[in-house]
Amino acid sequence: MFSRRTFLSLAAGGIAAPRLASARQASRRVALYANVGADLTHYDVDVAGAELIKRETVTLPAGVQYAWPHASRRYLYVASSSSASGYGKAGTEHHVTAFSIDPATGALRQHGAPIGLPTRPIHISTDIPSKYILVAFNNPSAVRVYRINKDFTPGEEVTQPAPIDAGIFAHQVRTTPDNRLVILVTRGNEGSPTKAEDPGALKVFNYKNGVLANGVSIAPNGGKEFGPRHLDFHPTKPWMYVSIETQNKMFMYRMGKGRISPEIAYRSETLAEPNNIRARQAAGTVHVHPNGRFVYGANRAEATTEFQGNQVFKGGENSIVVYAINQSTGEPMPIQHIETQKIHPRTFHIDPSGRLLVAQHNLPLNVRDGEAVNTIPAGLSVFRIGGDGKLTFTRKYDIDVGDKTMFWMGMVPL
């Protein structure tokens, strides 16, 4: 299980021997990868100094959407698309591309030819042993499974024996730590004065050797006012944490005996001021700390209003919320909200040693400063993680994205 300590799983392999694992992690090099459009740039991570050192850039066939490492940490699978986000203009270029990761430097080199996909991939992951790649698509909502060839290149799609219930607007696909279930997180869509709400759900499939079988659909109240976006698993306990984007909540579910209990075990707010929402707020990425004592979630706001002929930030919380996890029950209890110093932290990651958190922000945005208008650039914000789980802002890196979008970033131990 140690190899699962990668981007999103953050599973704490080596927990049975924490001192040895900690010593290994402290000396291990870490690579960070962050995109601007189709360009994916490698940064060295100085964990002790809380610094990022920019290295080389590789270019994908289209804009990077998401990436996931092989369990060996020697290969990186990157999903790309020329489609706009959400329900925007559809493109024609959609791929998964494999890169080898240099174990000494973290440099990426394309490994084989990309495989084509039918539509925009919004999320990508592998099953636990990295024998298969799972891809989530948002429009139309779908999940597909692709073999990983013996040479670690992405291979052919696995034909599923029956139609798949993929819900509405899939946003993430994950395999449970025991490799027995696949969960497709489907957000649905918020309602409007002219359109009814589309229900959200956690679509749970039985899984074996790349084959999916429809299981249960977890959708409280029929999926109404339930807009899940992202989930992560506790490294040693049968607990799952799910961010509810459209309701700004963090839910905790229990797992066991090859199933996920559909009852919400605990609910917690994501916002520091849930009764003072100034514009649309959206809960985002969630990650459990490698030691299993804390869970982190992102709060995002980017709506604008007009001021002196400019569109400026309307206000809201762009922050990371820190929860302490009750080690007996799994309940997440908020202990800190800290601003990320930029707008819209779409993704964030925790380094494998659990000492550093880096948040990525999509786009530049104008903000009002008295009668003046300033621009906050896109970029990366770096935080130290204390022994109590709380974050301390260290530095930020401004990145000029031009007319592109900074959509994804993640870290891999070398």
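Among the residues in region 211-224, are any closer than 27 Å to P163 by Cα, touching a helix residue (DSSP H, G or I) at 6+ places or on another chain (Cβ under 7 Å) and among the basic types (K, R)? For region 211-224, residues closer than 27 Å to P163 by Cα, touching a helix residue (DSSP H, G or I) at 6+ places or on another chain (Cβ under 7 Å) and among the basic types (K, R): absent. Taking region 168-195 as the range and being out of contact with any Phe, Trp or Tyr (no Cβ under 7 Å at 6 or more places or on another chain), part of a loop (DSSP other than H, G, I, E, B) and small (G, A, S) as the test, only G191 passes. Taking the criterion of being of a type in the set (A, V, I, L, M, F, W, C) and either on the phi > 0 side of the Ramachandran plot or buried (at least 21 other Cβ atoms within 10 Å of the Cβ) (or both), the residues of region 232-264 that qualify are F233, W239, M240, V242, I244, M250, F251, M252. All conditions but one from (1) crowded, with 23+ Cβ neighbours inside 10 Å; (2) free of Cβ contacts under 8 Å to residues at least 24 places away in the same chain apply to S328; the one that does not is (1).
Assessment of region 150-166 against the conditions (crowded, with 19+ Cβ neighbours inside 10 Å, under 30 Å from N299 (Cβ atoms) and under 20 Å from the mean Cα position of the chain (by Cα)) yields at least one matching residue. I need a count of the residues in region 59-109 that are aliphatic (A, V, I, L, M) and in a strand (DSSP E or B). The number of residues fulfilling the criteria is 9. Within region 85-96, residues that are within 21 Å of L363 (Cβ to Cβ) sit with their Cβ atoms under 9 Å from residues that are among the aromatic types (F, W, Y), at 6+ positions apart or across chains, in these pairs: S85/F407; G86/F169; Y87/F169. Condition test on S85, is it modelled with pLDDT of 95 or more, among the small types (G, A, S) and under 16 Å from Y66 (Cβ atoms)? For S85, the condition - modelled with pLDDT of 95 or more, among the small types (G, A, S) and under 16 Å from Y66 (Cβ atoms) - is not met. Note on region 379-389: residues that are over 11 Å from V358 (Cα atoms) and either surrounded by 16 or more Cβ atoms within 10 Å (Cβ to Cβ) or aromatic (F, W, Y) (or both) amount to 1. Answer yes or no: is there a residue in region 118-129 that is farther than 25 Å from S261 by Cβ, in contact with a Pro (Cβ under 7 Å, 6 or more places away or on another chain), part of a strand (DSSP E or B) and at pLDDT 95 or above. For region 118-129, residues farther than 25 Å from S261 by Cβ, in contact with a Pro (Cβ under 7 Å, 6 or more places away or on another chain), part of a strand (DSSP E or B) and at pLDDT 95 or above: absent.
The residue that is farthest from the chain's Cα centre (by Cα), among those in region 181-196 that are within 10 Å of F169 (Cα to Cα) and among the β-branched types (V, I, T), is T186. In a residue-by-residue description of region 101-113, the property of being surrounded by 17 or more Cβ atoms within 10 Å (Cβ to Cβ), in contact with a strand residue (DSSP E or B) (Cβ under 8 Å, 6 or more places away or on another chain) and closer than 18 Å to V173 by Cα applies to no position. From the list G389, G354, the one residue that fits, being closer than 22 Å to N248 by Cα, assigned to a loop (DSSP other than H, G, I, E, B) and not hydroxyl-bearing (S, T, Y), is G389. Only residues that are of a type outside the set (D, E, K, R) and either in contact with a helix residue (DSSP H, G or I) (Cβ under 7 Å, 6 or more places away or on another chain) or at pLDDT below 95 (or both) were counted in region 15-52, giving 11.
Counting only residues that are at pLDDT 95 or above, assigned to a strand (DSSP E or B) and farther than 13 Å from F251 by Cβ, region 207-219 holds 7 of them. Test R55 against the stated conditions and say whether it is modelled with pLDDT of 95 or more and assigned to a loop (DSSP other than H, G, I, E, B). So R55 does not fit the description; no. If you go through region 220-241 and keep only what is assigned to a loop (DSSP other than H, G, I, E, B), in contact with a Ser or Thr (Cβ under 9 Å, 6 or more places away or on another chain) and closer than 17 Å to K203 by Cβ, you end up with F226, G227. Comparison of R259, R280, R267, R300 shows that the only residue that is among the charged types (D, E, K, R) and touching a Pro at 6+ places or on another chain (Cβ under 7 Å) is R300. Looking at region 299-345, the strands (runs of 3 or more DSSP E) lying wholly inside it that each contain 2 or more residues that are closer than 19 Å to E245 by Cα sit at 319-325, 332-339. Of all residues in region 242-260, those being part of a strand (DSSP E or B), among the charged types (D, E, K, R) and over 25 Å from N275 (Cα atoms) number 2.
The values are calculated or read from the model by the stated rules, or taken from the named source; none is laboratory data. Everything numeric in this text was worked out from a predicted model, so none of it was measured. Reconstructed Cβ throughout: ideal geometry from the backbone, glycine too, with neighbour counts over all protein chains shown.
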